[in-house]
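First the structure, in the form of structure tokens, and then the observations on it.
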Amino acid sequence: MQATKFITALCTPLNEEDAIDVAGLETHIEDQLENGIDSLLVAGTMGFMQMLSMEAYLQLVAQSVRISGSRAELLVGVGDTGTSTTLARIRAVENLPIDGLVIISPYFLKFTQAELVDYFTDLADASKKPLFLYDLPRLTGTKLEISTVLTLSEHPNIHGIKCSDHFAQSRPLLEQQSDQFRVIIAQPTMLDVLLKAGVREHLDGVFGFAPHWIRDLQTALGNEDWFAVTQIQNQFNELLAAMQSIDASIFSTTSELLNLRGIPGRMAPKPLRLLSPPQQERFRSLPIVQQAISRAALACDVPQ
């Protein structure tokens, strides 16, 4: 059986001054590595690259390199609103020992497919590091069409794509994947179905919420225990539903959950608000939340 890879899109723990909470970042990364996650995305959508100051962004990447060492593949988000701004991000981090740069489609304005080809080609030509496309049309407002991705996949410095659109839109690309062009799927609510269908590369921030469940999932896959795989999938789906049941941003409940796991810092940059005390009490009382944190024996104080 082909090896399965789970890539965690890390959160960015911040202190009250919106600088990196280094202790929180270290605990977050170690939590992933200790549970068998061997590939990390730093400063992706879950990590709020676009809401970080350049100083905090550079600190995040440098500290992530230091903490992970050579123990994990390390991908870094650099996508911004246009060619010049994204290239500035690339230049800021490309001399660090990282494995690849992940570039979301430019946002704020809408671009034609020809302009997107120019955008990614120019960046791939200029970058010292391998590039990965990132298709997230529900946030960017622009879809990377299949024909555009296929054209870009021929560039020697474009090594893959993270697909966060509906799976039906991404499925044709799986036929084009190779050692030179990786197709990484972000569909955390249907992992069991995709794994059984042979899809082997998955990336999402959800994995960071309960990485011990991903460890259990890997074990179940190794045993070809599909009933257990489905049970674990149901746990993740129930946890996501619980996080969305609170009248607050999903990033606010993410911050609360990771704090409960012993990971300090706020994962919801300002002006996003953290949960109020009544919301905290309700969230913490949910059985699936207790289940998600019950195996997290992390020796770290949880900030209140």
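The values are calculated or read from the model by the stated rules, or taken from the named source; none is laboratory data. This structure is a prediction, so every number in the text was calculated from the model and none was measured. Quick reminder, even Gly has a Cβ in these numbers, built from the backbone with ideal geometry, and neighbours come from all protein chains shown.
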Q. With Asp38, Asp31, Asp80 as the choices, which residue is among the charged types (D, E, K, R), in contact (Cβ under 8 Å) with a residue 40 or more places away in the chain, out of contact with any Phe, Trp or Tyr (no Cβ under 6 Å at 6 or more places or on another chain) and within 22 Å of Leu203 (Cα to Cα)?
A. Asp31
Q | region 147-193, subset of a type in the set (Gly, Ala, Ser) and either touching a Phe, Trp or Tyr at 6+ places or on another chain (Cβ under 6 Å) or outside any loop (DSSP other than H, G, I, E, B) (or both), residue modelled with the lowest pLDDT | A | Ala168
Q | Whichever residue in region 161-180 is of a type in the set (A, V, I, L, M) and surrounded by 16 or more Cβ atoms within 10 Å (Cβ to Cβ) and, among such residues, is nearest to Ser147 (Cα to Cα) | A | Leu173
Q: Check region 223-231 and report whether any residue there is modelled with pLDDT of 95 or more and touching a strand residue (DSSP E or B) at 6+ places or on another chain (Cβ under 8 Å).
A: no
Q) If we keep just the residues of region 66-80 that are of a type outside the set (Asp, Glu) and more than 16 Å from the chain's Cα centre (by Cα), which is surrounded by the fewest Cβ atoms within 10 Å (Cβ to Cβ)? A) Ser70
**Q.** Selected residue (criterion: nearest to Gly44 (Cα to Cα)) from residues of region 105-119 that are surrounded by fewer than 17 Cβ atoms within 10 Å (Cβ to Cβ) and out of contact with any helix residue (DSSP H, G or I) (no Cβ under 6 Å at 6 or more places or on another chain)
**A.** Phe108
Q.
Taking the criterion of being surrounded by fewer than 20 Cβ atoms within 10 Å (Cβ to Cβ) and touching a Pro at 6+ places or on another chain (Cβ under 8 Å), would at least one residue in region 226-247 satisfy it?
A. yes
Q. Among the residues of region 139-150, is any touching a residue at least 24 places away in the same chain (Cβ under 8 Å), within 30 Å of Gly24 (Cβ to Cβ) and not charged (D, E, K, R)?
A. yes
Q: Output the residues belonging to region 1-26 that are surrounded by 24 or more Cβ atoms within 10 Å (Cβ to Cβ), touching an Asp or Glu at 6+ places or on another chain (Cβ under 8 Å) and under 12 Å from Met267 (Cα atoms).
A: Pro13, Leu14
(Q) Being part of a helix (DSSP H, G or I), loosely packed, with under 13 Cβ neighbours inside 10 Å, at negative phi and at pLDDT 90 or above: is that true of Pro271 here? (A) no
Q.
Regarding region 204-222, can at least one residue be identified that is assigned to a loop (DSSP other than H, G, I, E, B) and at pLDDT below 95?
A. no
Q: Go through (1) buried (at least 18 other Cβ atoms within 10 Å of the Cβ); (2) without any contact (Cβ under 8 Å) to a residue 60 or more places away in the chain and name the single condition Ser276 misses.
A: (1)
